[in-house]
Amino acid sequence: MSDAPPTHATAPPAAGPDSLDALYAAPPPWDIGRPQPALLALAEGGILRGPVLDVGCGTGEHTLMAARLGLDATGVDLAATALAAAERKAAERGLTARFLRHDVRDLAELGESAGGFATVLDSLVLHGFHGEDRARYVAGLRQVTAPGGQCFVLSFRDEPPNRSGRVHRLTPDEIRGNFADGWQIHAIDPVTIDSSLPALSGGIRGWRTHLTRG
């Protein structure tokens with residue numbers, strides 16, 4: 001496992017739609033062309049329940065992972081380029097999923113779907129937000145998760161110290177603080193996050209947080 005600090009480009013930044021679309025002109029480092037192993041293990045273990053919401057879905061690997069299980073799956077992202085790629089993947093693989101262009105800081109505005117997801121997946125989104133944006137995002141996660149529903153959050157771990165200045169690595173105490181209101185935290189497990197960057201071929205140290213909405 002690599003101890004090298006991730007650069008600003010190893011996880012989706014909190015940015016506007018134009019800059020996000022530009023990042024997807026070529027596959028960005030977080031788009032590895034397959035599910036992250038820490039989330040794939042949930043699918044293979046029969047832990048996912050539908051309907052599933054994949055927040056910050058990018059090109060749709062985790063949305064399609066859920067769809068492959070026969071679960072109702074929705075992916076949301078602000079990058080139109082990424083969503084177009086996700087739609088192409090779904091068609092090529094013969095899978096049915098819904099992809100919506102939406103700012104993940106405003107999840108409660110998803111309409112009739114909001115509040116009804118039994119499983120919510122966050123792959124490398126939470127740690128890209130800071131301050132009010134993070135609080136707004138976490139509040140939205142709770143609003144789209146059904147009562148008793150589960151949420152899995154994949155984020156960078158607080159070791160070694162982050163030196164990028166853009167993507168923050170989270171401590172367990174930060175995670176607990178972020179989800180102190182209205183959530184039950186079942187586990188904050190150390191995991192390895194894969195990247196397409198050759199310098200990080202050994203993986204990035206991360207957390208997989210398992211939550212249930214109260």
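Worth a mention:
- In sequence order, calculated HN-Hα J values of region 34-48 (Karplus, 6.51, -1.76, 1.60; Hz; x Gly/Pro): 6, x, 5, x, 5, 8, 4, 4, 5, 5, 5, x, x, 8, 6
- Extended-chain gain in nm, criterion 0.36 nm per residue less alpha-carbon gap, residue 210 and residue 136: 24.7 nm
- Per-selection metrics, region 30-206 (Cα): Rg and Dmax in Å: 15.4, 43
- For region 30-206, the dipole from Cβ point charges (+1 on Lys and Arg, -1 on Asp and Glu) about the Cα centre works out to 240 debye, to the nearest 20.
- Label-point gap, in nm, between residue 47 and residue 100 - each point 7 angstrom along Cα→Cβ: 2.5 nm
- Cα→Cβ-extended label distance, 7 Å offset, between residue 181 and residue 80, nm: 3.5 nm
- Residue-by-residue Karplus 3J(HN,Hα) for region 135-150, coefficients 6.51, -1.76, 1.60, Hz, glycine and proline x: 4, 5, 5, 5, 4, x, 4, 5, 5, 8, 8, 5, x, x, x, 10
- With neighbour counts taken as other beta-carbon atoms within 10 Å, the residues 57, 151 rank, fewest first, as 151, 57.
Bear in mind that the values in this text are calculations on the coordinates, not laboratory data. Keep in mind that this is a model prediction, so the values were computed, not measured. Positions of Cβ are backbone-derived with ideal geometry, glycine not excepted, and every protein chain shown enters the neighbour counts.
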